[in-house]
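The structure under discussion appears below in the form of C-alpha cells.
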Amino acid sequence: MFYKCSPGCSDPKHRHQAMVASAHKFSAKKSLEKKEPSKTKAGKKFKVVDAHCHYLNPEVNAKYAYLKPGMHDATAVFATELSRLTNQNQIKERSLKFSNVAERLKDMNKMGVDVQVLSPAPIQYYYFTEPDVGAKVSRDINESIAQVVAETPDRFVGLGTVPLQNVELAIKELEYAVSELGLRGVEICTNVNGLNLTDPSLGLEKFFAKATDLGAVVFLHPMGFSQGERLVDHYFNNVIGNPFDTSLALAHLIFDGVLARHPKLKILAAHGGGFLASYWARMDHAWKARPDARTIIKKRPSYYLEKVFFDTITHDSQILGNLINRYGANRFMLGTDYPFDMGEDTPRQLIAGVTNLSQDDRDLIEGLNAMKLFKIK
C-alpha cells in the first residue's frame, strides 16, 4: 500500500510535492544517462535489459488515493499486521526508487543494466473501479510512464495498463498506449476482480486478439491470490500466492484455448512463470490420461507454454538453469522486480551462476531477447 491520505494532503511529512518534483526532474547527470553497451563474442554491441521492473508516479498515485487501491490488493487484504507494516515501511524506505529517475539510473548502473522496461506498480490495477474511472486512471498512468521514456529514451521503454473490467475500454486504451504513446505493450493482472482472464463474462478474447494484431507484449504480473484466506501468515500471499496465481492464469490461457487461437500473442510471465513452468509434466499427463483435461486444446499443454516468455526472477541459479534447459535460452529475459524487496538485486550474477550456459545464451538472456521482443534499438 502507498499513501492513504487525500489527493490534497499538505502534510509536509508525506513529501508529496517533493516526490512530484523529483518524478519530473529528468535532467540526471550525463554520467548516469550514458553507459557503454555490452558486446557479444563477435564484438556486436547489445544492451542489458531489465524486462521486469516497476515505476510509480507519485502525482498520479496521490490523485487517485481516494479510491483506496490498497483495500483491493490481495497481498494486503490476506496478510498479518506485521506484513502490512513491513510493506508500509518498504514503501517509505524505497519511495524515491519508484519515481526518481536519477536514483533509478544509479541503481541500474550498479546492476549493470542499460535499459529498463518500465511497468506500473501492481497496486495500480484499478479493475475494481467503474469502467470510466478505470479508463481515466489508466490514461494518466500510461502518460506518466510515456513521459519518463520520452525524457530518457536511451535508458527506458514502457509498458502501460488498461481497464480490463471493460473489454472495449481496455482495447481503446491499448491502442492509444501502443500507437500514440509508443509503449511496447501492457502489464495485466493474473485475474480481474477474482475472475479468471478467460471468464466469458469478461469477454477478453477480443483484447488478446487486438494485442496480437498490434504486436503488443502482454506482461502477466500477479498481485497475490484473490482467494487467499489460507495464505495470510508468513507473507504467503506473495511468496506462494503470486506464483500460484500466475500458474493458474497461464493454465487457463492454455487449457481454455487462448494461446492456441492466438499463437502469435506475446506473453511475458513474471517470476519465472510461477510454479507451472517447473511442474509442466503434471498437466501434460492429465491431458493424456483424462478426457476432461482435453476438451479444447489439441496439443499437449506444455506445447503452448513453450511459446511463453519468462523473466529470470527465480532467486536461484540452479532453478533458473533447469528452466532454461527445459524451454531454451531464447524464452528468458533478465528481470529484477525493481524496486521491491522480493526482487533480484544482482540479476547478472544470478545468470552467471547457471552452469554450462554458453556466452551466446547469456547474451540472449541479458539483453538480446528483450531487445527483439520490446523493439529496442
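Values in this text are rule-based calculations from the coordinates and carry no lab data. These figures come from a predicted structure and were not determined experimentally. Heads up, the Cβs are rebuilt from the backbone with ideal geometry, glycines too, and the neighbour counts pull from every protein chain shown.
Take every Cα pair under 8 Å whose residues are at least 6 apart in sequence, average their separation, divide by the length of the range 49-373, and the relative contact order is 18 percent. Subtracting the Cα-Cα distance of Glu180 and Asp360 from their residue separation scaled by 0.36 nm leaves 61.3 nm. Centre-to-centre separation between the Cα atoms of the range 281-328 and those of the range 165-241: 20 Å.
Whole-Hz Karplus values for the range 203-212 come out as x, 7, 4, 5, 5, 5, 5, 5, 4, 5 Hz, taken residue by residue from phi with 6.51 cos²θ - 1.76 cosθ + 1.60 and θ = phi - 60°; glycine and proline positions read x.
Extension gain for the segment Gln349 to Ala102, taken as residue separation times 0.36 nm less the Cα-Cα distance, is 86.6 nm to one decimal. Adding -39500 (n - 2.57) for every DSSP H run of four residues or longer, then dividing by how many residues the chain holds, sets the calculated 222 nm ellipticity at -11500 deg cm²/dmol. Over every Cα atom in the range 250-304, the radius of gyration and the widest Cα-Cα span, Dmax, amount to 11.0, 31 Å. Multiplying the residue separation of Asp292 and Lys377 by 0.36 nm and subtracting their alpha-carbon distance yields 26.0 nm. At 7 Å along the Cα-to-beta-carbon direction for both Asn109 and Arg84, put a label point, then send me their distance in nm to one decimal. Those two pseudo-labels are separated by 4.1 nm. By the Stokes-Einstein formula, at 1.306 mPa s and 10 °C, the chain with its Kirkwood radius over alpha-carbon pairs has D equal to 76 µm²/s. Amide hydrogen proximity for Gly185: with H placed 1.01 Å from N in the peptide plane, the residues at 5 or more positions away or on another chain lying under 5 Å are Gly160, Val217. Note on the range 234-377: the C-alpha convex hull projects to 9.5 nm² when averaged across all orientations.
The modelled label-to-label distance for the pair Ala209/Glu168, using points 7 Å beyond Cα in the direction of Cβ, is 1.5 nm. Contact order for the range 99-178, expressed relative to its length and based on alpha carbon pairs under 8 Å spaced 6+ residues apart, stands at 32 percent.
Charge dipole (Cα centre; +1 on Lys/Arg Cβ, -1 on Asp/Glu Cβ; no other charges) of the range 49-373 amounts to roughly 880 debye. Each of Leu67, Ile267, Asn87 was placed along the dipole of the chain (beta-carbon charges, centred on the mean Cα), and the one lying farthest toward the positive end is Ile267.
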